[in-house]
1. Would you check if residue 75 is touching a residue at least 24 places away in the same chain (Cβ under 8 Å), closer than 23 Å to residue 153 by Cα, charged (D, E, K, R) and touching a helix residue (DSSP H, G or I) at 6+ places or on another chain (Cβ under 7 Å)?
2. Here are 99, 55: which of them is more than 21 Å from residue 186 (Cβ to Cβ) and more than 20 Å from the chain's Cα centre (by Cα)?
3. Of the residues that make up the stretch 10-33, is at least one surrounded by fewer than 17 Cβ atoms within 10 Å (Cβ to Cβ), assigned by TED's automatic domain parsing to the domain that holds residue 320, acidic (Asp, Glu) and part of a helix (DSSP H, G or I)?
4. Working carefully through the options 104, 86, find the one that is outside the structural domain of residue 344 (by TED's automatic domain parsing), touching a strand residue (DSSP E or B) at 6+ places or on another chain (Cβ under 9 Å) and surrounded by fewer than 21 Cβ atoms within 10 Å (Cβ to Cβ).
5. Out of 222, 198, I need the residue that is closer than 17 Å to residue 267 by Cβ, surrounded by fewer than 21 Cβ atoms within 10 Å (Cβ to Cβ) and assigned by TED's automatic domain parsing to the domain that holds residue 61. Which one?
6. Spot the failing condition for residue 99; the list is (1) more than 21 Å from residue 123 (Cα to Cα); (2) crowded, with 16+ Cβ neighbours inside 10 Å; (3) aliphatic (A, V, I, L, M); (4) at pLDDT 90 or above, and only one is missed.
7. State whether the residues of the stretch 291-307 include one that is surrounded by fewer than 16 Cβ atoms within 10 Å (Cβ to Cβ), under 21 Å from the mean Cα position of the chain (by Cα) and not in a helix (DSSP H, G or I).
8. Mind checking whether some residue in the stretch 81-94 is acidic (Asp, Glu) and under 20 Å from the mean Cα position of the chain (by Cα)?
Amino acid sequence: MLTAPLHLIRKEVRGERAYRVPTDANAAAKLDQNESPLDLPEEVKRELVECYVAANWNRYPEDRPHELIAALADRLGHPKDGIIVGHGSNEIVHTIGLAMMGNGVPIVLPHPMFALYESVARMHGSHVVAVDPAGPHFGHNADDILNAALESNATLTVVTTPNNPTGQIIPFEGLERIAAGAPGFVLIDEAYVEFVEGPTADTLIKDHPNVLVMRTFSKAMGLAGLRLAYLLGTPEVIQEIEKARLPFLVDRGCEAIALALLDRTDLVANCVTMLKSECNRVLTELALRSEIETIPSAANFFLMRTPLAVADLCEKMAGQSIRIRNVTAYRALAPSHDERGWVRVSIGTPEQNTAFLAALDMVLAETPAGIPSDL
């Protein structure tokens, strides 16, 4: 029997694992993917469905979603030629990989950080320069990141703030130091920017043309199912990155929905207010339980550990129709010595959060005292 010539597939690709996220969209409380728990109102969705009905399905969309780009440019006060709208943040990360990464190219990646960055860097053969977290909450120090960039002469330094999976931020002054001192490009991932007050990274681009800022419609804006994100930079940089992109990635319907949502700022603001309030409530409730440890977060999720082994905790919570995320694949968050591993919990609706707390109490009440089995 003939076998497939797998050896002809690049070894960097064969060395990676496919990105898979086992989940349950029908769970009573789906708290494992940092999504908004609020869908768009039904009347808004029905109105937007007409956008698909009105579109000519036999025709290609625009090579770029020009109307959405213009709307973002107007809203942000940013040049239209300095904006890429992509098919989700993941697609934009792959595009940046095509544009900047290559064999031995140094890329600075603080860890723990969204795993796709490192996977893309490795698949392109880049040299990953890791930066360890500083402090008890897995936060990152701006000067540590800058020093790593300088010592490695990094082509690209990636900063996520608030960071996934830790929820920690790098203060704006730290971002400014990194932007001013880094020898190469600095990509600042602001997927959770709506949850943070104060200056945002896009204001750095004018004085620091090496800065790129990425944001998404998937989190506070509640469009994770449509896959939309955008990248900001100087026009001359963005136009070069555009050359690495596939055309026709954003369809007319998604563009129309995003345009409508940009005009409904009340929906996003109300969602953010609710999630921040609920995050405070849940963390306050958990603080009353001495056997549970949590880490404060600047986003719509937080880290938690309990006396129960992480895999067992996730399985038993799933048995109660509550989905939370096992993040022990990140080495900083894995169990070690006499410490327990961590899970990540997204904030849901008030009802979902109450169900989470009740299920957690039930699961832990059934846990025998002693050392967790994952140590």
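1. For residue 75, the condition - touching a residue at least 24 places away in the same chain (Cβ under 8 Å), closer than 23 Å to residue 153 by Cα, charged (D, E, K, R) and touching a helix residue (DSSP H, G or I) at 6+ places or on another chain (Cβ under 7 Å) - is not met.
2. 55
3. Within the stretch 10-33, one or more residues are surrounded by fewer than 17 Cβ atoms within 10 Å (Cβ to Cβ), assigned by TED's automatic domain parsing to the domain that holds residue 320, acidic (Asp, Glu) and part of a helix (DSSP H, G or I).
4. After applying the criteria, what remains is 104.
5. It is 222.
6. Of everything listed in (1) more than 21 Å from residue 123 (Cα to Cα); (2) crowded, with 16+ Cβ neighbours inside 10 Å; (3) aliphatic (A, V, I, L, M); (4) at pLDDT 90 or above, residue 99 misses just condition (1).
7. Yes, some residue in the stretch 291-307 is surrounded by fewer than 16 Cβ atoms within 10 Å (Cβ to Cβ), under 21 Å from the mean Cα position of the chain (by Cα) and not in a helix (DSSP H, G or I).
8. Yes.
The values are calculated or read from the model by the stated rules, or taken from the named source; none is laboratory data. This one's a predicted model, so the numbers in the text were calculated from it and none came from an experiment. Glycine also receives a Cβ, built like all others from the backbone with ideal geometry; neighbour counts cover every protein chain displayed.
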